[in-house]
Every structure is written in C-alpha cells, then in structure tokens.
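Down below is the structure, laid out as structure tokens.
The values are calculated or read from the model by the stated rules, or taken from the named source; none is laboratory data. Keep in mind the model is a prediction, meaning the values are calculated, not measured. We place every Cβ from the backbone using ideal geometry, glycine too, and count neighbours over all the protein chains shown. The protein model used for the area step is the full one, side chains on, heavy atoms only, and it has no ligands, DNA or RNA in it. Shrake-Rupley method; radii C 1.70, N 1.55, O 1.52, S 1.80 Å.
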Amino acid sequence: MTARDNLTQIEGYDRVLDEVKTARRYGADYRTMKGEVARVLDLLHPKSLRLRVSEVIEETPSTKTLRMVSETGYLPPFEAGQYINLFAEVAGVRTSRPYSISSAPSETAYYDVTVRAQQGGFVSDHLLSRVKAGDRFEAAGPAGQFRYNPLIHGKELVFIAGGSGITPFMSMIREATDRGLDRAMHLIYGNRVEGDIIFHNELKERAARHKNFTYTPVISEPSKGCVALTGFMSAELMKKVLSGVQGKNFFLCGPGALYDFCMPELGKLGVPENRTRREMFGAPTDITADPGWPRGVKAGTRFSIKVKGKGDVSALAHEPLLVSLERAGFTVPVLCRSGECSMCRVKLLSGKVFQPRGAHVRASDLKYGYVHSCAAYPIEDCEVLL
Ligand code: FES
C-alpha cells in the first residue's frame with residue numbers, strides 16, 4: 001500500500017483534497033485573513049490587561065481578596081495555578097507584583113487575587129490599606145508553569161502550602177471539586193496561628209462534600225484548645241496523614257523557609273525530587289542568608305549602577321537590581337519577578353551580581369552576559385545595558 005493509499009483511508013481526506021483543488025483553481029484571498037492569527041493570539045495572551053476592583057473581600061485580619069473584573073469586558077482564560085502581574089504606583093514608584101489567581105478558571109467574569117500583609121511589604125501594604133472597589137489596575141498575564149498536567153502528574157496529588165502560598169492551590173481545588181475532575185488531592189496547609197488560615201471554612205466544607213479532597217491544617221504556635229494538628233510539616237507528620245507516598249506528586253508553595261524545611265523532609269520519606277514541583281515565590285526575604293552569598297558584602301551596602309547611556313542608580317546589595325532600577329524611574333519589562341520568565345533581562349557590561357538558586361538563566365543569556373534583574377543582586381559597582 002502506498003502512502004497515498006494510506007491517506008485516502010483517513011476520514012475527511014477527500015473533502016480536504018477537494019478544498020485544496022478549489023483554492024488552487026480560484027486562488028485564496030489571504031488578505032481577508034490578514035491579522036486573524038494575531039487577533040486570536042492577542043485574545044489569549046494580551047500584552048496588558050485593564051482591570052477594575054469590583055469587590056474587596058476580607059478573608060482574615062491580615063488578608064484580603066481583590067476581585068478584579070475586566071474594563072474591556074473580556075478576561076483571557078488561564079490554568080489553575082497561574083498568576084497575573086499587577087502593576088501599581090506606590091510612593092511615586094511604578095512597580096509590580098505577581099499574584100496567583102485564587103478563583104477557579106471556570107469563573108470567567110473575574111480573577112480573584114488574594115493578598116496577605118507582609119513585613120515590609122511595599123506593594124502588599126498598599127493593596128491592603130489603600131485599594132477599594134472601583135480602583136483600576138494594569139496587569140500582565142495570566143502566566144506561569146505551576147499547574148497540573150495530567151500526563152505528568154498522575155491522579156494523586158499532595159499540596160503543601162504555607163501562609164499565602166495557598167492561593168494557587170485554592171484555584172486548583174475549586175476547579176477540581178466544582179467540575180468533579182478525576183484526581184485525589186490532599187492539602188497540608190501550615191500557618192503560625194489558627195486566625196491566619198485563609199479560606200479555612202471553605203476548605204473544610206469542600207473536604208466534607210468531596211471524597212477526593214482531604215484537608216489537613218497544621219499550626220506551629222497553637223492557642224489553647226486548637227483542634228488542628230500542631231507543629232511543622234515534617235516527615236513524621238506527613239507520614240501520619242498520608243497513606244504512603246508511592247505514586248503521589250507533591251506541589252509546594254510558600255515562603256523560602258517552607259522549601260528549605262519541607263524538601264529534606266520529603267527526601268526522608270523517599271519522595272524523589274522529580275515528583276515535586278515548587279512555585280516561585282518572589283525575592284527571598286534575606287538574600288544574604290543564601291548559601292553562596294559573598295561574606296564580605298553586608299546587607300545595606302550601596303553600589304553604583306551605571307545604566308549605559310541613561311544615568312546612574314544607587315543600589316542596595318540586598319535588593320534585586322530590578323527594584324533599584326524601578327526606584328530610579330527606569331521601566332524594565334517584568335512578569336514573574338522570581339527569576340523564571342526572562343522578561344526582565346539586562347545585559348551586565350561590567351561588575352558582578354549575585355544570582356541565587358532558582359534563577360533560571362538560559363544558556364544563551366549566560367553566554368552573552370545577560371542576567372535576570374529580578375534575581376540579581378549587585379555585589380560590586382556595575383554597568384548594565386537596558
Ligand atoms: S520578571 Fe521573570 S525573570 Fe525577572
């Protein structure tokens with residue numbers, strides 16, 4: 001049998017052949033289709049989103065959800081676990097922060113962005129104390145790789161969350177339980193005190209209603225009468241609440257300390273690293289504590305950054321280069337602010353920067369001297385090209 005004979009066995013092949021013949025005979029007017037692909041791409045991945053806060057929902061004394069609707073009447077689809085990068089002008093500085101969408105992808109009318117107060121949180125403080133219904137924002141995205149893939153992650157998932165790290169899981173849990181998706185999920189959610197637990201009632205209700213979802217809150221500083229498990233999310237605790245780790249995939253999201261603690265604990269249980277996924281969680285709280293940080297450079301040390309052809313910037317060693325550039329009024333394209341997406345690349349012409357673990361610099365960037373400014377800390381005077 002020839003290749004052509006094989007093709008004729010495919011349903012619809014003859015019809016396509018007829019269409020090709022007709023197009024050849026009369027010619028196809030491609031001008032009528034011009035821009036069609038770009039239009040579809042722009043709908044799926046718009047360069048920017050114009051959002052308006054329709055409602056501010058108080059979740060805990062330190063956490064609020066900002067419900068965002070579109071100013072243009074359309075929100076692009078997203079996958080549970082993805083984030084948007086929200087731009088804001090705070091104290092005269094235009095900056096941005098990525099926030100995971102906590103609502104389910106099936107809620108097409110809005111994105112929920114859940115924000116918790118952070119010590120020294122430049123943008124989170126602004127969002128929590130100033131923002132009200134009706135306020136407008138520009139955003140980029142949705143984007144991000146922290147999402148479930150049925151071909152890779154199987155049907156037994158363990159979510160390990162700390163504090164506001166619950167937000168991408170909330171979207172995944174809402175989607176899977178609302179749509180009755182065929183996957184088992186166990187959430188182990190750590191907080192310092194019970195009052196800090198975000199979405200506690202909803203999580204309890206969903207666990208009571210859905211057999212495929214189990215919820216284990218863990219409190220490290222319990223008050224008298226606390227009914228949750230207490231302590232840390234250790235190997236011992238996980239052994240107690242999970243029926244084995246075989247065949248399970250582990251997703252982790254929370255501050256750096258959560259990864260530092262939980263990854264070795266999972267190792268003790270025999271979970272291989274390729275069965276774990278970690279969400280990037282912004283810049284580390286104390287970069288000087290990162291292994292490899294040069295001992296001679298103290299937090300607060302100032303360096304001079306020459307921006308080729310544009311001016312000079314004074315930068316602090318413990319702050320990402322991106323923050324110093326934004327503070328000086330430079331606009332750098334950004335998305336993840338976690339060293340993952342490459343949007344914020346700048347070329348390092350001279351001097352040295354420290355790049356922590358998790359900064360995924362591409363081989364070509366390394367070769368030509370580019371660094372991710374959101375995950376690069378000056379440890380000498382430098383010159384960069386924007
Ligand atoms: S903004 Fe994504 S790598 Fe810097």
Kindly state, to the nearest 0.05, the FRET efficiency for GLU202 paired with SER342, given R0 = 41 Å and r defined as their beta-carbon distance. 0.70
Which one of HIS372, ILE188, ALA139 has its Cα pushed farthest toward the positive end of the charge dipole of the chain, where Lys and Arg give +1 and Asp and Glu give -1 at the Cβ? HIS372
Could you give the length gained on full extension between THR285 and PHE261, defined as 0.36 nm per residue of separation minus the Cα-Cα distance, in nm? 7.1 nm
Express the accessible area of the chain per residue in Å², computed with a 1.4 Å probe while the remaining protein chains stay in the model. 54
In the chain, if every C-alpha pair distance is counted and binned at 20 Å from zero, what percent goes to each bin? 24, 50, 22, 4, 0
Under 18 Å from LYS310, Cα to Cα: lysines that are on another chain or at least 8 residues apart: LYS347
Fraction of alpha-carbon pairs over 13 Å apart in region 117-188 - percent: 76
Gain upon complete extension [LYS240, ASP381; 0.36 nm per residue less C-alpha separation]: 45.6 nm
Here the gain from full extension of LEU41 to ASP18, 0.36 nm per residue of separation minus their alpha-carbon distance, amounts to 5.3 nm
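What translational D, rounded to a whole number of µm²/s, comes out for region 35-163 from Stokes-Einstein when the hydrodynamic radius is the Kirkwood one over Cα pairs, at 4 °C and 1.567 mPa s?
Rounded, D is 82 µm²/s.
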Region 99-189, relative contact order in percent, only Cα pairs under 8 angstrom and at least six apart counted: 35
11 Å cut-off, amide nitrogen to a point 7 angstrom out along ASP125 Cα→Cβ, residues in region 71-113: 91
Could you sort 38-50, 124-136 so that the peptide with the highest average Cβ count within 10 Å comes first and the rest follow in order? 124-136, 38-50
If each of LYS268 and THR214 carries a label point 7 Å out from its Cα toward its Cβ, how far apart are those two points in nm? 1.9
Note on the chain, DSSP bridge orientation, antiparallel percent to nearest 5 equals 60
May I ask you to order 14-27, 285-298 by the average number of other C-beta atoms within 10 Å around their residues, highest value first? 285-298, 14-27
Given an 8 Å cut-off on Cα distances and at least 6 residues of separation, report the relative contact order of region 180-267 as a percent. 25
Ranked output for segments 336-348, 163-175 by mean other Cβ atoms within 10 Å, highest leading, reads 163-175, 336-348
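Tell me the carbon and sulfur percent of the accessible area for the chain, rounded to whole percent, probe radius 1.4 Å.
51
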Within region 228-260, find all residues whose amide N lies under 20 Å from a label point positioned 7 Å from the Cα of LEU181 along Cα-to-beta-carbon. 247-254
